[in-house]
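Read the structure below first, then the notes.
Values in this text are rule-based calculations from the coordinates and carry no lab data. Quick caveat, the model's predicted, so the values are computed rather than measured. Cβ sites come from the backbone with ideal geometry, for glycine too, and all protein chains shown count toward neighbours.
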Amino acid sequence: MQIIGTADYIIDALIGYHLKGSPHGDFKTLIESMNAVPGKTIAYDIPSGLDSTTGKCLEPTVRAMATLTLALPKRAFTVKAGQEVSGKIFLGDLGIPDFLYGKIKSGSRPHFEKGSQGLLKL
């Protein structure tokens, strides 16, 4: 069932980082509807239906033209399938303090350049 008529752009912020199993019910319907409007979807953090740690595309998975991910790149972006459904990937700075990045891994804080508006293209 197509529920999105016309749109200049669609923002996917349906499921997010902690996906458990394939999208179903209304989530499945919305993802299928977004995918029926090619080249229009921007994913927030990670495309819905994409497992952020494995890069596995569950059915269905949003096929985004671009993804704005937050804080650190997700492992899914290192896998071909994850890259293909994410489109152009941008990393957004959330202003997380350096000491918290240090708790994740020493030197893991991305280097956002001045004037970049807190975005890096990956």
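Being free of Cβ contacts under 8 Å to residues at least 24 places away in the same chain and either on the phi > 0 side of the Ramachandran plot or out of contact with any strand residue (DSSP E or B) (no Cβ under 9 Å at 6 or more places or on another chain) (or both): is that true of G49 here?
no
Picking from A76, A71, which residue would you name as being closer than 18 Å to I15 by Cβ, surrounded by fewer than 19 Cβ atoms within 10 Å (Cβ to Cβ) and in contact with a helix residue (DSSP H, G or I) (Cβ under 9 Å, 6 or more places away or on another chain)?
Of A76, A71, the one residue that is closer than 18 Å to I15 by Cβ, surrounded by fewer than 19 Cβ atoms within 10 Å (Cβ to Cβ) and in contact with a helix residue (DSSP H, G or I) (Cβ under 9 Å, 6 or more places away or on another chain) is A71.
Quick check on segment 3-35: of everything there that is assigned to a helix (DSSP H, G or I) and either of a type in the set (D, E) or free of Cβ contacts under 8 Å to residues at least 12 places away in the same chain (or both), which residue is surrounded by the fewest Cβ atoms within 10 Å (Cβ to Cβ)?
D26
Do you know which residues across segment 91-100 are touching a residue at least 24 places away in the same chain (Cβ under 8 Å) and not small (G, A, S)?
L91, D93, L94, I96
Given the criterion touching a residue at least 40 places away in the same chain (Cβ under 8 Å), closer than 17 Å to K121 by Cβ and among the basic types (K, R), identify the matching residue among K74, K88.
K74
Does segment 36-61 hold any residues that are crowded, with 19+ Cβ neighbours inside 10 Å and within 9 Å of the chain's Cα centre (by Cα), and which are they?
Residues satisfying the conditions are I42, A43, I46, P47, S48, L50, S52.
If I ask for residues that are part of a loop (DSSP other than H, G, I, E, B) and hydroxyl-bearing (S, T, Y), which ones from segment 53-104 would you list?
T53, T54, T61 - these are the residues of segment 53-104 that are part of a loop (DSSP other than H, G, I, E, B) and hydroxyl-bearing (S, T, Y).
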